[in-house]
Amino acid sequence: MEQLSGIAVFVQVAETRSFTKAGKLLDLSASAVGKSVARLEERLGVRLFHRSTRSITLTQEGAMFLERCRRILTELEAAELELSQTQQAPRGRLRISLPLVSDLVMPVLIRFMKQYPEVELDVDFTDRLVDIIEEGFDAVIRTGEPSDSRLIFRRLGSFHLKLVGSPGYFAEHGFPHQPRDLEGHVCLQHRFPSTGRYEIWPLRPLEPSVPPVLSQTIIFNTSEVLVDVARAGLGIACLPDFMVGESLAKGELVSVLDDHIEHTGCFNILWPSSRHMAPKLRVFIDFVSERLLPERSDRSSH
């Protein structure tokens, strides 16, 4: 604690450039401030200030030390604030961005809103790659591996893509037995609105490794509606397992080419790496992490 006290005195002197002014702010005498700085210099083995009768200025070593000390005091303040906030009830507006997979996330959101009624959710459903910091989001949920160093993320769980169609569709058009057979089928395509590119069907390459040319008869910019279109018998869709699991269990859809699919995706929740995490954000991250894909969740945090 004496070391922290000495650091606090040093920072105050560096910012005021005066033992007297620093002493008044710290409720210490100028003599006590001077002795504290002297003890710190003796312990470090360097001079931190150039002293004259008119001014006090930082040495080169003092300037370097000042930046470190500021970070130490800031982290200490953040830790104290974080501990004090744990005693506060989560409340206030929480702005989040979620992918267009409402069947997956809405049950979790509804349970969260019931449990934390004082947290006001402002939800943006989009597949667009939003800029979390620039657009002022508190947190976002997205697929894929995060690449923005300004963000912290937690893995929520994994999923697999499947090729599915209705029993009626396959009764009329036959089952594909090899990826090449897809060229004779109606392929329901998903086009990403942010890039205009079609979602690639993750077919394991065969010899020769020329991918089949898929039809583009029916195209949507959100994958959610493809479930309804596939159930209606209009073609084959490539969809995540969490989106079609219930329909497969009921026999409304049938999966094909399972042995030829090679894919694992993941959901992450990301938030800005700010010093202070408000209680509303902390409980939201924990709540979603435990419930979104609990049976397949990977608890690694970065």
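Miscellaneous remarks
- Dipole of region 1-105 [Lys/Arg +1, Asp/Glu -1 at C-beta], most positive-end residue of 74, 45, 57: 57
- Of (i) 0.96; (ii) 0.98; (iii) 1.22, the label for Rg/Rh (Cα atoms, Kirkwood Rh) derived from the coordinates: (iii)
- By accessible area, using a 1.4 Å probe on protein heavy atoms only, region 88-194 has 50% of its surface on carbon and sulfur.
- Of all lysines in the structure, those lying under 27 Å Cα to Cα from residue 35, and not within fewer than 8 positions of it along the same chain, are 21, 24.
- FRET efficiency, residue 78 to residue 250 (Cβ-Cβ, R0 35 Å, nearest 0.05): 0.10
- FRET E, pair residue 133, residue 106, Förster distance 22 Å, beta-carbon r, rounded to 0.05: 0.25
- What the chain shows is 56 Å² of accessible area per residue, with the surface traced by a 1.4 Å probe over protein heavy atoms.
- Per-residue extension of 0.36 nm, minus the Cα-Cα distance of residue 67 and residue 44, leaves a gain of 6.7 nm for this segment.
- Euclidean distance of C-alpha centroids, region 131-153 and region 35-73, integer Å: 39 Å
- The chain, helix-only ellipticity at 222 nm - DSSP H runs n ≥ 4, -39,500 (n - 2.57), divided by all residues, nearest 500: -12000 deg cm²/dmol
- Modelled spin labels at residue 122 and residue 204, positioned 7 Å past Cα toward Cβ, are 4.8 nm from each other.
- Lys/Arg +1, Asp/Glu -1 at C-beta; region 137-255 dipole; positive extreme among 200, 225, 149: 149
- With a Förster radius of 25 Å applied to the C-beta separation of residue 148 and residue 113, the computed FRET efficiency comes to 0.35.
- Region 158-197 and region 97-120 have Cα centres lying 30 Å from one another.
The values are calculated or read from the model by the stated rules, or taken from the named source; none is laboratory data. What you are looking at is a predicted structure, and each value in this text was computed from that prediction instead of being measured. For neighbour counting, all protein chains shown are included, and Cβ atoms are generated from backbone atoms with ideal geometry for every residue, glycine included. Just the protein is used for accessible areas: all its heavy atoms, side chains included, with ligands, DNA and RNA removed. Shrake-Rupley method; radii C 1.70, N 1.55, O 1.52, S 1.80 Å.
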